[in-house]
Amino acid sequence: MFRSFMDMALAEARAAALRDEVPVGAVVISDKGDVLARAGNRTRELCDPTAHAEILALRQACRVLGSERLPGCDLYVTLEPCPMCASALSQARIARVYYGADDPKSGGVAHGPRIFSHAQSHHRPEVYDGLGAKACEALLRDFFAQKRGR
């Protein structure tokens, strides 16, 4: 039976917004359905351009399992992964990626370079888009509207 963890990813995204980070959240789930890691963006806080929610969650999940690969694991993320994150997901051998909002400007899965479609991509996870999209989009839209003073 399918169980979505997008609400947990949204909670991480909301926490990121409270830290004045772009509100993106990610959760890694084991093949047994256990939460291995959860994270929100921390690029500003850590002064690290790679501190995207997906990367931080992958790092934590790898530490928990004691492995550089996460076969059988799923990733839930509120925004379509960028090319950097999509490549990392491929390298980690994530089984399935569930994302909420599309990212036509900076996405790397369904938009832009479409990382998983490249011949150089050694692993292609199953991808499910649009999960909780309205809530994910609203969170991002509201965050950026507030930044612009609207």
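Note that the chain presents 52 Å² accessible area per residue, ligands and nucleic acids not counted, probe 1.4 Å. Derived scalar couplings between HN and Hα for the range 98-104 equal 10, 10, x, 7, 6, 10, x Hz in order, rounded to whole Hz, by the Karplus curve 6.51 cos²θ - 1.76 cosθ + 1.60 (θ = phi - 60°), x for Gly and Pro.
Each residue was assigned an accessible area with a 1.4 Å probe, and for S106 the value is about 50 Å². From the Cα gyration tensor of the range 75-115, with a ≥ b ≥ c the square roots of its eigenvalues, which class applies: rounded if a/c is under 1.5, or else prolate if a/b is larger than b/c, or else oblate? It is oblate, given that a/c is not under 1.5 and a/b is not larger than b/c.
Each Lys and Arg adds +1 at its Cβ and each Asp and Glu adds -1 at its Cβ; summed about the Cα centre, the range 1-139 shows a dipole of about 240 debye. Roughly how many percent of the accessible protein surface of the chain is carbon and sulfur, given a 1.4 Å probe and a whole-percent answer? The value for the chain is 52 percent carbon and sulfur by accessible area. Considering Cα pairs under 8 angstrom that are at least six residues apart, work out the relative contact order of the chain and quote it in whole percent. Normalised by residue count, the contact order of the chain is 19 percent. The lysines whose alpha-carbon is closer than 21 Å to the alpha-carbon of K105, local same-chain residues fewer than 8 away aside, are K134, K147. Neighbours of A61, meaning other residues whose beta-carbon lies under 14 angstrom from its beta-carbon, give a summed charge of +1 when Lys and Arg score +1 and Asp and Glu score -1.
For the range 13-150, the square roots of the Cα gyration tensor eigenvalues, ordered a ≥ b ≥ c, give a/c of at least 1.5 with a/b greater than b/c, which places it in the prolate category. All other residues whose Cβ lies under 13 angstrom from that of Q91 are scored, Lys and Arg at +1 and Asp and Glu at -1, for a net of +2. Each other residue within a Cβ distance under 12 Å of G33 adds +1 if Lys or Arg and -1 if Asp or Glu, for a net charge of -1.
Only helical runs count toward this figure. For the chain, summing -39,500 (n - 2.57) over DSSP H runs of n ≥ 4 and dividing by all residues gives -11000 deg cm²/dmol at 222 nm. Using C-alpha pairs below 8 Å separated by at least 6 residues, the relative contact order for the range 64-150 is 29 percent.
The values are calculated or read from the model by the stated rules, or taken from the named source; none is laboratory data. Here the structure is a predicted model, which means the values were calculated and not measured. Neighbour counts run over all protein chains shown; Cβ positions are idealised from the backbone, glycine included. Ligands, DNA and RNA are stripped out before the accessible areas are found, and what is left, the full protein with its side chains, is counted by its heavy atoms. Shrake-Rupley method; radii C 1.70, N 1.55, O 1.52, S 1.80 Å.
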